[in-house]
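As structure tokens, the structure follows; a few thoughts come after it.
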Amino acid sequence: MNAQVKQVSPEGEKRYDVVVVGGGAAGLSGALTLGRARRSVLVVDAGEPRNAPAEHVHTYLTREGTPPAELLEIGRAEVASYGGEFVAGEAVKAERLPDGEFRIGLADGTAVTARRLLVTTGLVDELPPVPGVRERWGREVLHCPYCHGWEVRDQAVGILATGPLAVHQALMWRQWTSKVTLFQHTAPDFEDEDYERLAARGVELVLGEVAGLEVEDDRLQGVRLAGGRLVPCRAVVVSARLTARSGLLDGLGLEAVEQEMLGHVVGTHIPADATGATSVPGVWAAGNVTELNAQVVAAAAGGVRAGAAINADLTAEETRSALAERRGLFSGGLESEVGERVLGDRRHGL
Ligand SMILES: Cc1cc2nc3c(=O)[nH]c(=O)nc-3n(C[C@H](O)[C@H](O)[C@H](O)COP(=O)(O)OP(=O)(O)OC[C@H]3O[C@@H](n4cnc5c(N)ncnc54)[C@H](O)[C@@H]3O)c2cc1C
């Protein structure tokens, strides 16, 4: 259990050392680190992790193939075992209080206060508006070969192009299967050399717009072209725009900025340093909200780093105030003998 006693703010709101907004891999890892550092911590979670549509989590050492919900359940139990608390719900507002702490307002009208804020709200995958894409997302509509490539190895995979990065995707997925078809769909013409590279790797190119995905008996059959032809596919790869879930931070003056990949904008993220510290003192970010391409294990690692940095920051603050108090004892006119006795008692925990 935490040594740090949870307090109540003057408004009667519960006060924690740290409130973590978002209970995915990043948030839970941050909370675990802080709980084990004997900090009082609350995790506010809306319960919609990004990989929820997927059946299994892959490339997570020692937990390979675990269902996403099961992984988080294990994580929550671990956090709770060190005194971490949970609220199921959405945090809708974060504001700085006059004393420098934070008030986090929840959708149900309640609020909590915290000395530090860790934001691990993840991102939203904005999918291309093609019929069938949203319905099959995370099952047969995929984005990441490291998450899903093995499961569709050697099978027919279609790449639905909506921008220039589709060439990069096609060449990547070629590592998992030789049956890759690139549907040019709404993407502008590629560079001449791109067509040559695709041909060299045996990627088939299909021109013209895609009308939608064909599904039968709850299984993807293929890609239906606007002209009517059906191209059989076991899976379709899309390029989603990755938008940081950062609305909560507007009230703190922290805005998401564009993120580029290979010279193209792929979404937005909250800028943070290697420890997750943002430009707003007291606010940290970890996981997909700041690192768009972080897989589960990387998001978890980001949470651990941020948790440790927050604990270090709180420790520094506590040392500063202890020092100020110590100096106050001497400058406040106490006889040095009395001051020494008080400090001696403190050293012995009295
Ligand atoms: C279909 C799919 C399959 C994937 N498969 C894999 C895989 O096999 N292996 C792998 O390593 N990675 C995989 N990923 C990537 C994986 O989803 C991310 O790496 C991971 O979810 C990032 O963790 P996170 O904690 O940053 O965010 P998330 O897991 O998205 O968690 C964020 C949490 O914050 C909550 N939240 C958001 N806003 C608020 C708010 N205002 N108030 C309260 N709570 C809030 C959300 O509801 C959510 O529970 C996959 C992604 C997708 C889309």
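The values are calculated or read from the model by the stated rules, or taken from the named source; none is laboratory data. Here the structure is a predicted model, which means the values were calculated and not measured. Cβ sites come from the backbone with ideal geometry, for glycine too, and all protein chains shown count toward neighbours.
A few points about this structure:
- Where a residue in the range 133-155 is not assigned by TED's automatic domain parsing to the domain that holds ALA54 and its partner, wherever it lies, is of a type outside the set (D, E, K, R) and in a helix (DSSP H, G or I), with Cβ under 8 Å and at least six apart: VAL141/VAL133; LEU142/HIS148; LEU142/VAL152; PRO145/MET172; PRO145/TRP173; GLY149/TRP173
- Top-ranked residue in the range 19-48 [being free of Cβ contacts under 8 Å to residues at least 60 places away in the same chain and more than 9 Å from the ligand (Cβ to nearest atom); ranked as surrounded by the fewest Cβ atoms within 10 Å (Cβ to Cβ)]: ARG38
- Subset of the range 107-123 that is surrounded by fewer than 17 Cβ atoms within 10 Å (Cβ to Cβ) and within 12 Å of the ligand (Cβ to nearest atom) - its residue that is nearest to VAL237 (Cα to Cα): ALA107
- Of the candidates VAL297, VAL283, VAL289, the single residue that is in contact (Cβ under 8 Å) with a residue 40 or more places away in the chain, over 19 Å from ALA244 (Cβ atoms) and of a type in the set (Val, Ile, Thr) is VAL297.
- Meets criteria (within 15 Å of the ligand (Cβ to nearest atom) and of a type in the set (Asp, Glu)) for GLU204: no
- Per the listing GLU193, GLU255, the residue uniquely without any contact (Cβ under 8 Å) to a residue 24 or more places away in the chain, outside any strand (DSSP E or B) and within 32 Å of the chain's Cα centre (by Cα) is GLU255.
- Flag for ALA94 being among the small types (Gly, Ala, Ser), farther than 25 Å from ARG134 by Cβ, near the ligand (Cβ under 10 Å from one of its atoms) and not in a loop (DSSP other than H, G, I, E, B): yes
- Selection within the range 100-126 - of a type in the set (A, V, I, L, M) and in a strand (DSSP E or B): ILE104, LEU106, ALA111, VAL112, ALA114, LEU117, LEU118, VAL119, LEU123, VAL124
- Selected residue (criterion: farthest from the ligand (Cβ to nearest atom)) from residues of the range 51-67 that are in contact (Cβ under 8 Å) with a residue 60 or more places away in the chain and closer than 14 Å to VAL297 by Cα: LEU61
- Just one residue in the set GLU78, GLU101, GLU70 is farther than 13 Å from VAL21 by Cα, among the acidic types (Asp, Glu), in the same structural domain as VAL296 (by TED's automatic domain parsing) and exposed (fewer than 15 other Cβ atoms within 10 Å of the Cβ); that residue is GLU70.
- Any hit, the range 184-194, residues being closer than 20 Å to VAL210 by Cβ, more than 16 Å from the ligand (Cβ to nearest atom) and in contact with a strand residue (DSSP E or B) (Cβ under 7 Å, 6 or more places away or on another chain): yes
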